[in-house]
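Notes to accompany the following structure.
The values are calculated or read from the model by the stated rules, or taken from the named source; none is laboratory data. Quick caveat, the model's predicted, so the values are computed rather than measured. Cβ: placed from backbone, ideal geometry, glycine included. Neighbour counts: every protein chain shown. To get the accessible areas, we keep the full protein, side chains included, count just its heavy atoms, and leave off ligands, DNA and RNA. Shrake-Rupley method; radii C 1.70, N 1.55, O 1.52, S 1.80 Å.
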Amino acid sequence: VGGPGEDDVALLRRVAGGDSVALTRLYERYAGPLFGYLRRLAGDDMTAEEILQDTMLAVWRSAGAFAGRSRVSTWLFGVARRQAHNRLRGQAHRRLGGQAHARGPGPALPDQPDPAPGPDELAIAAAGGTAVAAAVGRLPDHHRDVVALVFVAGLPLAEVAELLDVPVGTVKSRLYHARAALAGQLTTAEVPE
Amino acid sequence: VKDLLPEYAAGSLPPTRHRAVEAHLAGCAACRAELASWRAVADALRADQRPGPAGADLVRAALSRSLLAEPADRTERVSRADRTERVSRADRAEPERGEDATNRAVPVRMRRRPRAVWDLLVAEARLVRPSVPVVSALVIALGLVLAMSQRGPGAWAGDVLALVAPVVAAAGIAAVYGSGRDAVAELTAATPTSPRLLLLVRVALVFWYDVTLAAAATGVLVAAGADPDGPLTLTLAWLGPVALLSALSVVLAGWFGADVAIGLTAALWGVRVLGGTSYVDDSWLSRAVQAIWSTSVPTVVVSLALLAVAVIHAVRGEPGRRLPATHLT
């Protein structure tokens with residue numbers, strides 16, 4: 001996933017200088033993983049694409065603020081994650097009639113896994129998604145986030161830890177928890193080797 | 001090795017470690033079983049993967065939204081827009097750099113304040129039509145020649161200057177800010193700078209110029225010994241009337257336009273000049289007129305009040321007319 005690190009930095013520098021071609025190149029380099037990650041967070045393609053636009057707009061505006069302390073991929077997925085939280089927080093707020101606001105800062109979507117597949121997951125399944133993918137959609141936010149960052153975004157655990165600002169051990173434990181929660185679906189939806 | 005298996009399944013291990021894990025897996029059944037469960041997750045998610053939207057389309061959509069969202073910020077004044085942009089940049093996308101960017105923005109703004117006032121003065125000075133200072137200087141020079149030619153026991157030199165200077169200042173100020181007199185009225189109406197500030201800056205510029213001219217003329221008179229009075233008395237003879245007539249001119253220009261302002265101030269000043277001649281009897285009325293047109297505290301207060309009225313009145317409207325032709329609600 002991604003090109004050589006130095007090329008990313010050079011691209012981002014060109015973006016900071018107002019080069020929209022460089023922005024397109026940078027996007028194309030991460031399009032699949034970024035879109036996949038946002039689909040996991042958002043639950044549907046339309047919202048994911050809106051957040052993807054938010055993300056590229058935020059990258060366009062703040063490319064100059066990239067300090068080079070982290071890898072471009074970490075920074076990029078961090079931007080996407082924040083944009084997703086901004087947009088999804090607003091949606092959750094509307095959907096829950098203002099109750100989400102009382103949860104305070106941080107992930108505002110319900111933390112408990114839904115026992116039954118919701119409309120979003122059913123839509124994914126209808127569009128040809130797998131049962132495991134739908135089950136991932138029912139994971140609690142922080143577990144789904146880690147699974148998506150590791151398996152969809154394809155980030156190394158160290159980068160995921162840096163992005164989430166938690167120790168690598170926490171990332172691992174969330175992964176194991178997520179796998180345990182998915183175990184039921186995994187056995188029924190076993191992929192042929 | 002067990003801890004590396006998720007990354008191995010995701011394919012995000014660097015090549016050397018990937019090969020090392022591969023070698024280990026060949027001889028470790030427990031790890032192979034562990035890997036199978038991670039593979040199941042990874043493969044299921046990979047099977048559900050969609051290609052992202054086309055790059056050119058997505059970037060075009062994102063950037064056109066940036067253009068649509070921007071104008072709200074752009075109409076702010078320069079320093080404020082600069083600050084909000086920096087803050088929103090820091091706020092929106094870059095969590096760790098937020099404080100740095102905000103801290104940097106504040107001194108930038110402080111540094112720009114005096115600089116902005118100076119830039120505004122220079123810019124407005126360029127907008128004053130050259131005829132205004134040239135004609136003002138010529139009329140003052142003419143008055144000076146007239147004053148210097150008054151050599152006799154009466155010594156009228158100072159009085160001649162005091163009669164010429166106010167009308168020059170009033171006409172110059174009226175010409176600089178009247179509806180229909182501004183060559184770039186359309187442009188200034190569209191700038192974010194307040195029209196009140198523009199009026200103040202222009203009045204200050206012209207007033208400063210005319211006072212300097214009159215002061216220079218006074219200096220010439222004193223140096224030439226054309227008037228027995230000292231420089232202070234000579235200056236006070238024109239300073240109050242210049243201020244009052246200029247302030248009146250600003251108000252009239254704002255309300256009725258430059259032509260009316262020039263005409264009315266000239267007429268008012270004409271009455272004052274007549275009041276000092278033998279054509280008018282020395283009544284209480286003529287004495288009152290003389291008192292009004294003098295350098296005194298009330299004169300200064302009234303001048304400032306008139307200027308304040310003009311500044312408050314100077315609101316943004318459609319250039320060239322007082323009432324808007326269209327109602328934007």
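Residues of region A:5-40 being under 27 Å from A:Leu88 (Cα atoms) and β-branched (Val, Ile, Thr), which ones? Once the filter is applied, which keeps residues that are under 27 Å from A:Leu88 (Cα atoms) and β-branched (Val, Ile, Thr), region A:5-40 yields A:Val15, A:Thr24. Selection of first residues in region B:16-42 that are more than 18 Å from A:His177 (Cβ to Cβ) and open to solvent by 30 Å² or more (accessible area, probe 1.4 Å) and of second residues that are in a helix (DSSP H, G or I) and aromatic (Phe, Trp, Tyr), restricted to Cβ pairs under 7 Å at least 6 apart or on distinct chains, gives the following pairs, ordered by first then second residue: B:His18/B:Tyr8. Taken residue by residue, region B:61-80 has at least one member that is polar (S, T, N, Q), open to solvent by less than 50 Å² (accessible area, probe 1.4 Å), farther than 27 Å from A:Gly43 by Cβ and at pLDDT below 80. Scanning region B:231-247 for residues that are more than 15 Å from B:Val164 (Cα to Cα) and open to solvent by 40 Å² or more (accessible area, probe 1.4 Å) yields B:Pro231, B:Leu232, B:Thr233. Residues in region A:32-88 that are within 8 Å of chain B (Cβ to nearest Cβ) and small (Gly, Ala, Ser) were compared, and the one that is surrounded by the fewest Cβ atoms within 10 Å (Cβ to Cβ) is A:Ala67.
For region B:209-216, the criterion of being among the aromatic types (Phe, Trp, Tyr) and open to solvent by 10 Å² or more (accessible area, probe 1.4 Å) is satisfied by at least one residue.
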